[in-house]
Each structure stands twice: as structure tokens, then as C-alpha cells.
Amino acid sequence: MTNIIKGSCVCRVILWIISAFRSNWQKGILGRISAGWNRHFATSVTRRFCIAYCEFPEYVQTSRYAKVLRGIRGIFERIGDVLRQSVFYKVVSALWAFWFWLTKGSVVGKLINKLHARQWLLLAFTMYLPIEYMIRDTLKISSLASVWEELFLVLAVFLVLWRRALKKAENLDRETPLDAYILLFMAVGLLLMSLVNPWPAIAFAGYRIVMEYILWFFIIIRLIEDDKDMKVMYAGFMIMAGLIALHGCYQYVIGVEIPSSWTTKTEAGVRTRVFSLTGSPNILGSLMVMTTPMMAALVYFFKKKIFKFGAFLMTGAMCLCLLFTFSRGAWGGMVIAVVIFALIIDRRIIGLLGLGIAAILIAVPSITSRLTFLFTPEYAEASAAGGRTLRWETGRALLADSNPWLGFGLGRFGGAVAMDNQVLDETDEFQYFYMDNYYLKTLVEMGYLGMIFFILMLVVFLIWGLRAIFRSDLSFMANPGDTLVKAQGNYRVLTAGIFSGMCGVLVHCYFENIFEEPYMTSYFWGLAALLMYMGLFRPKDRAKKGLV
């Protein structure tokens, strides 16, 4: 099968295009500029500054915060000593032994037992969106739909504490430099919820939807104990995103029916906008922005050509799915993600990006018309009448009329909680709607105080994300040669894919309430934990080993 694929016309044409591009790049102006940059950068002050910046030591392991956590871990270990003598532990151990005995001769059982419980939980986490879709839209179990996310979270916390108490986890000392800023943001949110709460239940719901899913960062960083856990989680994300992308492409082929409000009369060429399981083209577009750079990273990372080819095809499918969402904000986020990935790994991608954008604008009039519509008087008029311009002005007016430092109140305007709890009377000046800008929504609800700590948290993530990329595999800069060769089996390319996709999502948040979707917030902070593991906790003596 491998030889058939390698010998196919499609594979040969793709390999010829890649070879021709590499050859022309080296001879072209951009290639010579890039080569000159590399020669001068190798001995420059800028390079030494970047290395010093990325090698900046982390003091969190010796901080009071780490000492407190070590004390808590000691308490759980003592609880574990008592737990081992309990009837409950003996019953669980007996059931576990019975399961292994029952599945000893079963092929399915052996496949299940290849993964540990924590790895199955990591895999389930990557399938957050399909699971939610099945519960809410397919099975329509309303009682379970309202609590399953909290039950899933509790199960994950229980597994982490269980392994800690029984001393089964070797690498749970996982304090990161990001922890303090996340906890600080949560504490500020709690303070604001207490100070501005004319409807306490709404304020609590608003606080919960902002903070609950960030907790996955603390859980995932402790569930990933070794490289196999990391591979399971990365592979799970790629399987989930790849299937969603193929489903989105299928929707475009059949021309799935969409509400008329998703397009305007000036965009007659847009026959449909795909949404897959998300129910929203913008959210699907953001999911593709988050995961497509991760899939593209595998093109560089894999050693075998068959796997490279498969990753290349799936990257193309995910890019097509993104285009078919016709989400302009997601397109902008993807451009930023590609540029960041290119600057870190392979600057030739910027040339491919430019060629791709030019080809799409020339060959696909529907995309061109949707982009050019942004610069027409009709768009400005529609935006002022009921679009982002009106929504953003309304949000700023509400902030100015309330206490700007404390905000209008969590859950009261601009998001899902406010839409579900419309307690204020609508007037000509005030109407309920989604803000379509998560940063402005946060500013209105939490004021300048909450916004400062939210941005501070994101800035610290960006700082340590870059440092995690640098530390994930130091051999990347030491190895000379073509990036397609030296990136094989190098984990820096994977961390760059994760980081660039997350940066694209942060850009898209300026145009949509992306983090209003629980699975998007959970995915974002779960990937942040994966990035921190690969950069700060992954054993460096295995840095040269690959996935394949």
C-alpha cells in the first residue's frame, strides 16, 4: 500500500512541487535574503539576547507556592497510607484484577489495556467536542448535558489525587511559572463577583463559565506523566480535528443549509458556510486555526514519507475546511498562526502563504467578495446598524456608565450567561447580544481591574510559551541543513505548532467570543499544559527520539 501511494501521480506531483519550490527558493531573492539573515543572525547580539531570554531560569520550584503544594502532596500521601488499609481500596484492587483476568484472552481487552486510565482520560479530553455533541444533540439527555462537564472535571481531579495519594505518579511536581497568574486572575474574578452582584446567581454563573474550564490546565499538566501520555494527547487532537475537518468539507460538497443571517445579500457567491459539530462557522474556524499548525508540524516531524504525505493531505483538508467556514476572523487568525510558525521553524512558509492567498483571491470569487465587502459602505452601514460597531459601542457605553474599574458585572452582558438571563428591560439604547469580541466582553463585565489581570495572564503564557518552544529540543538550532530534514523527530516543531495555533485563537478572540464555548476554553488551556510539559518537564535525554 505504501509503495502504491508513493508511486501515485498525486504523490509524485506534490513531491515535484515541493522539490521545485525548494530549488527556486534557494535561487530567488527571498531565499538569498533568508540565507544572509541566517549567516548574520548566528553571530548577532539579537541571537544572544534571544537565547538569554529563553534560558531565563524559573524560580517557581523554590517558591513558597511550591513549598505549600509539596506540603499538600505530603498530606495526600499520608491519606494514601491509610487508604491502602481500607476496604474501599481492597474492593477497587479486586475489581481491577478481575478486569485484567476477564480480558486476558480478549483482543479488544488487550487493545484497551494498552493505555493506562490517565491516557484514556486524556484521549477523552481531546474528544470533548464530539462527546458534548453526542450528549446534547444526538442523545439529547438534558439532565446529563447540564452536569457532564463538571462530572468529567471531578473524575480527572479524582484520578490525579488518587495517583498522588498512592504514590503511583512519578512526575507530579508540576508547578509552572504560569500557575500564579492564573490563580491571581481567578482571585480577582472572585473579588469582582463579590463586589458587583445585583443578581448573585448570575454573577456566580458568569464567574463559573470564565474560570471553570481554565482548571484543565492544572489537571492536564499533572495527567501527562511521560512521553507516551503526550503522544496520546497529541494524536487524539489530530484525530478529532482531522475528522471534524473532513466532515466540514463534506458539508460544503453537499451544500448544507444555513440561516440567511450568516451571509448578506452582497455575498451571493457564498452558497454555504460549514459548521460541522460546533454549530457555528466561526467556532469551527477557530478550532481549525488551533489545530491546523499542529497537523502541519507533523509534516516536518515524521521521518517516514508515508506519514509525511498523510499529514500533508490532512493539513490541506483542514485548510479547506477553514476556508469553507467563510469566517474572516478565523482567516486572520490563521495568517498570524502561519507567520509565527514560519518565523520559528521555516520562513519559506511565508512565501507559500503569499502564493496561496494570491491564488485563492484570484480563483475563488466568493472568498474575494467576502473579504472586499469589509471595505464597502454597505458593510459599514450594516455594522453600525446591528453589527460589531454597534455592539462594541454599546459595550463601551455600559462600561462608562458603571464603575469602569469594577465593570458592569460578571454574567450581565455580552456573553452566554447574559443571553440566558435577560433580567434587564431592553430599550432603544440597550439590547442583549453577544459582544463578538471576548476581550471587550471581559472588559465590560470585569472592568479595567479584571482586564489587566486577564491580559497579564495571557502575556505570561506567551512569554513562557516561547521559552517552552526553545527548551523543548535544543538540538534544533545546533543541527545545520534543511529544516525538512533537521526537524524530523525534533520536538521543537511540535511545540511551535501548538503555540502558533493558540496565538491564532487569541487573535480570533478579538472578533468573536471564542472562549464562550467550554470545549474551546478547555482545549486552549489543555494545549497550554501540553506545551508546558514539552518545554519544561519532558526528559531532555530523550529529546532526539521521534514519534515514528
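Checking residue 102 against (1) within 19 Å of residue 161 (Cα to Cα); (2) of a type in the set (A, V, I, L, M, F, W, C); (3) surrounded by fewer than 11 Cβ atoms within 10 Å (Cβ to Cβ); (4) touching a Gly at 6+ places or on another chain (Cβ under 9 Å), only one condition comes out false. Which one?
Evaluating residue 102 over (1) within 19 Å of residue 161 (Cα to Cα); (2) of a type in the set (A, V, I, L, M, F, W, C); (3) surrounded by fewer than 11 Cβ atoms within 10 Å (Cβ to Cβ); (4) touching a Gly at 6+ places or on another chain (Cβ under 9 Å) leaves (1) as the failure.
When you look at residue 152, is it closer than 28 Å to residue 58 by Cα, in contact (Cβ under 8 Å) with a residue 24 or more places away in the chain and in a helix (DSSP H, G or I), yes or no?
no
Output the qualifying pairs, or none if there are none: Cβ atoms under 7 angstrom, residues six or more apart or on different chains, first residue in the range 498-527 and outside any helix (DSSP H, G or I), second residue of a type in the set (Asp, Glu) and open to solvent by 10 Å² or more (accessible area, probe 1.4 Å).
Pairs found: 511/436; 512/436; 513/436.
Within the set of pairs 6 or more residues apart or between chains, which connect a residue that is assigned to a helix (DSSP H, G or I) inside the range 72-84 to a residue that is hydrophobic (A, V, I, L, M, F, W, C) and open to solvent by 50 Å² or more (accessible area, probe 1.4 Å) with Cβ atoms less than 9 Å apart?
76/161; 79/161
Scan the range 98-112 and tell me whether some residue there is over 30 Å from residue 408 (Cβ atoms), polar (S, T, N, Q) and assigned to a helix (DSSP H, G or I).
Within the range 98-112 (the criterion being over 30 Å from residue 408 (Cβ atoms), polar (S, T, N, Q) and assigned to a helix (DSSP H, G or I)), the answer is no, since none of the residues qualifies.
Those residues that are in contact with a helix residue (DSSP H, G or I) (Cβ under 9 Å, 6 or more places away or on another chain) and open to solvent by 30 Å² or more (accessible area, probe 1.4 Å), I need them from the range 219-242; list them, please.
Hits for the range 219-242 are 222, 228, 235, 239.
Write out, first by first residue and then by second, each pair whose Cβ atoms fall under 7 Å of each other, whose residues are 6+ apart or on separate chains, and whose first residue, in the range 243-256, is exposed (fewer than 15 other Cβ atoms within 10 Å of the Cβ) while the second is part of a loop (DSSP other than H, G, I, E, B).
255/271; 255/272
Could you tell me whether the range 158-174 includes any residue that is of a type outside the set (A, V, I, L, M, F, W, C), part of a loop (DSSP other than H, G, I, E, B) and under 22 Å from the mean Cα position of the chain (by Cα)?
Yes, the range 158-174 contains a residue that is of a type outside the set (A, V, I, L, M, F, W, C), part of a loop (DSSP other than H, G, I, E, B) and under 22 Å from the mean Cα position of the chain (by Cα).
Find the helices (runs of 4 or more DSSP H) located wholly in the range 396-491 whose residues include 1 or more that are open to solvent by less than 50 Å² (accessible area, probe 1.4 Å) and touching a Pro at 6+ places or on another chain (Cβ under 9 Å), and list them.
So the answer is 438-472, 483-486.
For the range 26-35, indicate whether the set of residues that are modelled with pLDDT of 80 or more, open to solvent by 60 Å² or more (accessible area, probe 1.4 Å) and out of contact with any Lys or Arg (no Cβ under 9 Å at 6 or more places or on another chain) is non-empty.
no
Collect the residues in the range 321-334 that are surrounded by 22 or more Cβ atoms within 10 Å (Cβ to Cβ) and among the small types (Gly, Ala, Ser), keeping them in residue-number order.
327, 329, 330, 333
Between 337, 342, 380, 311, which is loosely packed, with under 15 Cβ neighbours inside 10 Å, small (Gly, Ala, Ser) and in a helix (DSSP H, G or I)?
Unique residue meeting the criteria: 380.
The values are calculated or read from the model by the stated rules, or taken from the named source; none is laboratory data. Source: prediction; values computed, not measured. Glycine gets a Cβ as well: all are built from the backbone with ideal geometry, and neighbour counts include every protein chain shown. Ligands, DNA and RNA are excluded from the accessible area calculation, which covers all protein heavy atoms including side chains. Shrake-Rupley method; radii C 1.70, N 1.55, O 1.52, S 1.80 Å.
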